[in-house]
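Encoded as structure tokens, the structure appears first; notes follow it.
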Amino acid sequence: MDLISVREIRMPRDRSEIVFAPGEQPLGGGTWLFSERQPGLTGLVDLTALGWEPLTVTAETLTIAATCTIRDLTLLPAQAGWHAHPLLSLCANSLLASFKIWNVATVGGNVATALPAGAMTSLMAALDATAVIWGPEGEARTMPVATFVRGVRQTDLRPGEVLRALEVPVASLSSQFAFRRIALSNLGRSGALVIGRVDPSGEHVYTVTAATPAPVQFRFDEAPSAAALKHAFDGIQEWYDDPHGAPDWRRAVSTLFGEEIRGELEGSAA
């Protein structure tokens with residue numbers, strides 16, 4: 001869609017130029033931004049002009065620039081012991097987007113847009129990624145992606161802030177995992193997406209997205225019993241309601257997925 005109210009697109013050269021005038025918004029891939037009308041939008045600040053390194057791997061952390069495209073993320077080679085590496089493609093394919101979208105849509109943009117079915121939100125939350133946030137005065141702060149996304153189109157970003165990067169612990173990528181997703185149609189938006197993970201420390205982590213307005217995460221020091229896991233799912237207070245799934249259906253399939261994942265992870269640990 002043409003954004004006919006936009007009068008200027010700025011290309012910042014360094015961090016000092018990431019300053020937003022009234023009516024300006026940051027631009028990454030723009031796949032959502034250009035998909036519908038944006039009332040009050042008069043300018044864009046193109047973060048891709050900053051040339052951030054898309055992916056950086058160290059012994060402890062995988063750092064994903066907010067401007068890294070989904071395609072670049074899926075092409076990241078697995079390192080030795082990265083048992084959870086298939087999650088990159090599994091979640092990316094949950095977007096059900098064409099290669100054209102993958103080539104421009106950004107990981108950070110998908111997270112910051114904060115849609116329940118945001119597949120990069122599912123991935124980053126499940127892998128215990130940390131959001132690196134830059135402030136307008138040169139300050140920076142961090143927080144878990146699982147709490148950074150607060151609801152439908154709601155994040156913890158404050159005025160003038162941008163999402164700079166997502167930091168994934170290599171320990172999370174070394175986890176055993178199980179993945180379940182469902183939609184009302186073969187090419188439909190995710191109605192429920194549940195990921196279970198066993199951390200190398202033995203901690204069991206279950207992450208529910210798409211079925212809830214924001215990520216919901218459960219952590220157990222050891223493999224939970226069926227009753228303990230069901231109790232956790234029963235405690236979810238709000239299930240998302242839209243044309244892609246009713247709350248009672250989302251609750252039922254998510255709870256079923258949780259139990260299936262529990263059994264699968266028990267089997268992988270045996």
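In the range 247-270, the residues that are farther than 20 Å from Glu203 by Cα reach residues that are surrounded by fewer than 15 Cβ atoms within 10 Å (Cβ to Cβ) with C-beta atoms within less than 7 angstrom, at least six apart or across chains, in these pairs: Pro247/Asp241.
Might you let me know whether the range 234-244 holds any residue that is within 21 Å of Thr147 (Cβ to Cβ) and either in the same structural domain as Ser98 (by TED's automatic domain parsing) or without any contact (Cβ under 8 Å) to a residue 12 or more places away in the chain (or both)? For the range 234-244, residues within 21 Å of Thr147 (Cβ to Cβ) and either in the same structural domain as Ser98 (by TED's automatic domain parsing) or without any contact (Cβ under 8 Å) to a residue 12 or more places away in the chain (or both): present. If we scan the range 158-170, do we find a residue that is touching a strand residue (DSSP E or B) at 6+ places or on another chain (Cβ under 8 Å), in a helix (DSSP H, G or I), under 30 Å from Ser16 (Cβ atoms) and among the aliphatic types (A, V, I, L, M)? No, the range 158-170 has no match at all.
Of all the criteria given as (1) more than 30 Å from Glu238 (Cβ to Cβ); (2) in contact (Cβ under 8 Å) with a residue 12 or more places away in the chain, the one not satisfied by Ala80 is (2).
For Val205, which of the numbered conditions (1) touching a residue at least 40 places away in the same chain (Cβ under 8 Å); (2) closer than 17 Å to Ala129 by Cβ; (3) in contact with a helix residue (DSSP H, G or I) (Cβ under 6 Å, 6 or more places away or on another chain) fails to hold? Unmet for Val205, out of (1) touching a residue at least 40 places away in the same chain (Cβ under 8 Å); (2) closer than 17 Å to Ala129 by Cβ; (3) in contact with a helix residue (DSSP H, G or I) (Cβ under 6 Å, 6 or more places away or on another chain): (3).
A single member of Ala117, Ala112, Ala131, Ala125 is among the small types (Gly, Ala, Ser), assigned by TED's automatic domain parsing to the domain that holds Ala66, on the phi < 0 side of the Ramachandran plot and part of a loop (DSSP other than H, G, I, E, B), and it is Ala117. Among the strands (runs of 3 or more DSSP E) confined to the range 6-78, the ones with at least 1 residues that are more than 17 Å from Met124 (Cβ to Cβ) are located at 8-10, 24-27, 43-46. Of all residues in the range 229-246, those that are exposed (fewer than 15 other Cβ atoms within 10 Å of the Cβ) and either in contact with a strand residue (DSSP E or B) (Cβ under 8 Å, 6 or more places away or on another chain) or under 17 Å from Thr207 (Cα atoms) (or both) total 5.
Restricting attention to the range 49-87, the residues being more than 17 Å from the chain's Cα centre (by Cα), surrounded by 14 or more Cβ atoms within 10 Å (Cβ to Cβ) and small (Gly, Ala, Ser) number 1. Gly28: in contact with an Asp or Glu (Cβ under 8 Å, 6 or more places away or on another chain) and buried (at least 17 other Cβ atoms within 10 Å of the Cβ), yes or no? The answer is no for Gly28.
The values are calculated or read from the model by the stated rules, or taken from the named source; none is laboratory data. Just so you know, these numbers come straight off a predicted model, no measurement behind them. Here Cβ is always computed from backbone atoms with ideal geometry, including for glycine, and neighbour counts include all displayed protein chains.
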